[in-house]
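Written out below as structure tokens is the structure these notes cover.
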Amino acid sequence: MAEQEGGNGSPKASSLTPYEEALDALSSLITRRTRADSSNMGDQFSDLFEYLKMLDLEEPISNMKIIHVAGTKGKGSTCTFAESILRNCGFRTGLFTSPHLIDVRERFRLDGMDICKEKFLAYFWWCYDRLKEKTDDNIPMPPYFRFLALLAFKIFADEQVDVAIMEVGLGGKYDATNVVREPVVCGITSLGYDHMEILGNTLGEIAGEKAGIFKTQIPAFTVPQPDEAMHVLEEKASQLNVPLQVVTPLDPRLLNGLTLGLEGEHQYLNAGLAVALCSTWLKRTGHLGDTNLEQSISSKNTLPEQFVKGLTSASLQGRAQIVPDQLINNDRSNNLVFFLDGAHSPESMEVCARWFSLAIKEYDPDQTLFNQQPDSSKFSLDVVKMHRGDRNSAQILLFNCLTVRDPDLLLPRLMKTCADHGVYFKKALFVPSISVYNKVGSQAITPVDSNVDLSWQLTLQRVWENLMQVNKGKITDVASEELKEDMEMSASNCEHSAVFPSLPVALKWLRDRVQKNQSVRFQVLVTGSLHLVGDVLKLVKK
């Protein structure tokens, strides 16, 4: 392994820690101007196989027992469930997911834990320095995500994992993870309209890209899909002689009175897919006899104990996660609670809104359970019951999304679903991202810039205000007066919304409201982007 301090020979090395130096080198591989760049589509895909040769990864990948998962919604959750199930079956697991929320090491999990800094640095510099040495003008250094996927394969190969669970980053056919020639089993999660600027304008075109991970005669599973998408999946499967099966949501009764580790009714669909993937992996790798699972798996009425434990203990940041503000460390600490979900498609926005509407009614953050687990991504809604006393509550929306998303599709679904559950936002706050796309790590946090371009946030605000006018008369006045105070901190304040020049400024405004209105509990839904969720977690968990 290369020495950490060697790396890319940056003259700034002396002023950076070894980890920061690695993140600086990683940042140099970000070549796109935006996260969703249409030029991502399959350019130089064949270069990936040259990189594998440079890193001596061809044989190790061919020997890996891989579960490969693509889809629009639920990829990360399905992969997380699958990893937890197989880890609880006694296997050494490797899990590669994206994006990360706080630290890039989240993308590489060994036995359910983020890779440690020491191992990350050793593997990072080994791959980076070797590629620097062997690439040239004809085959340049791999861009950011491709490098991360190659790094994942290197980590999992050297760590000798029994199973590698690989989540597709974008699409499928041209994704960097699709260098896998013979996975053990493939999965396609729910399909919907996302990254249309890259993957196509119809569900059929999107399904065609996702089905690009299918391999000849390798079993594949999917969930119920819209007819247009299912037709394409079935057609692609038929062409490659792929046995494609459709799985149904997991029956909650199979969990023996417990609940899934990831909150939300939609997770039973992802859990059902994960069970099918793991069962097939165990069968095809000849492990059923080793784990005494064969009888349980063949039965439709029971789940193996290891599967139940895996499903109920799985955890994933940024999906249906509840975090109280930890800066306010006194008797008002639960007056500001963040409900975080990285939904960013119309369908997932509806699911997020349903979860939020139920979550704020079905738990009490004042109970001991909440105080003991402030960082938990799961609060059992069966255990924690409603208890508000004489307090008012104010629901606030904190929102941002990429400019390639359509707020006219996202925000109405969010508002209507919440309204259907009797939940109305007292204020919507729109903020720019504090992460910058061309930097990874602590350097990615930008200072508050008074000249920041807020044109996109103002567009989001206009969409919201128009929606509120349509729904006028439904909004109650609880806490509305309190929320009108001190809006000079905002760049644009309207009746039902405000645009703030930065996320830290928006959080300061919320914390000020809490200090001045001790009888009001502020419940903040953070959604629209996993990157926004990550930014909030970085600041709230400090």
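The values are calculated or read from the model by the stated rules, or taken from the named source; none is laboratory data. Computed from a predicted model, the values in this text were never measured in an experiment. We place every Cβ from the backbone using ideal geometry, glycine too, and count neighbours over all the protein chains shown. Note: areas computed on protein heavy atoms with side chains; ligands, DNA, RNA excluded. Shrake-Rupley method; radii C 1.70, N 1.55, O 1.52, S 1.80 Å.
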Computed over region 84-134, the relative contact order (Cα-Cα under 8 Å, seq sep at least six) in percent reads 25 percent
With N residues in region 47-157, Rg(alpha-carbon) / (2.2 N^0.38 Å) equals 1.10
Karplus ³J(HN,Hα) for region 495-512 (6.51 cos²θ - 1.76 cosθ + 1.60, θ = phi - 60°; Hz, whole; x = Gly/Pro) runs 4, 10, 7, 8, 10, 10, x, 7, 5, x, 5, 5, 5, 4, 4, 5, 5, 5
Averaged per residue, the 1.4 Å probe accessible area of region 29-148, protein heavy atoms only, in Å², is roughly 39 Å²
The pairs in Lys154/Lys439; Lys73/Lys472; Lys472/Lys508; Lys117/Lys215; Lys210/Lys541 lying past 27 Å Cα-Cα in this model are Lys73/Lys472; Lys472/Lys508; Lys117/Lys215; Lys210/Lys541
The extension gain from Gln239 to Lys119, computed as 0.36 nm times the residue separation minus the Cα-Cα distance, is 39.0 nm
Full extension between Glu265 and Ser315 adds, at 0.36 nm per residue less the Cα distance, a length in nm of 16.5 nm
Taking a ≥ b ≥ c as the square roots of the eigenvalues of the Cα gyration tensor, with a/c under 1.5 meaning rounded and otherwise prolate when a/b exceeds b/c and oblate if not, region 88-127 is oblate
Shape call for region 125-226, from the Cα gyration tensor axes a ≥ b ≥ c (a/c under 1.5 means rounded, otherwise prolate when a/b beats b/c, else oblate), comes out oblate
By the C-alpha gyration tensor axes a ≥ b ≥ c (rounded if a/c is under 1.5, else prolate when a/b exceeds b/c, else oblate), the shape of region 139-195 is oblate
In nm, the gap between the two label points placed 7 Å beyond Cα toward Cβ at Glu362 and Gln518 is 3.3 nm
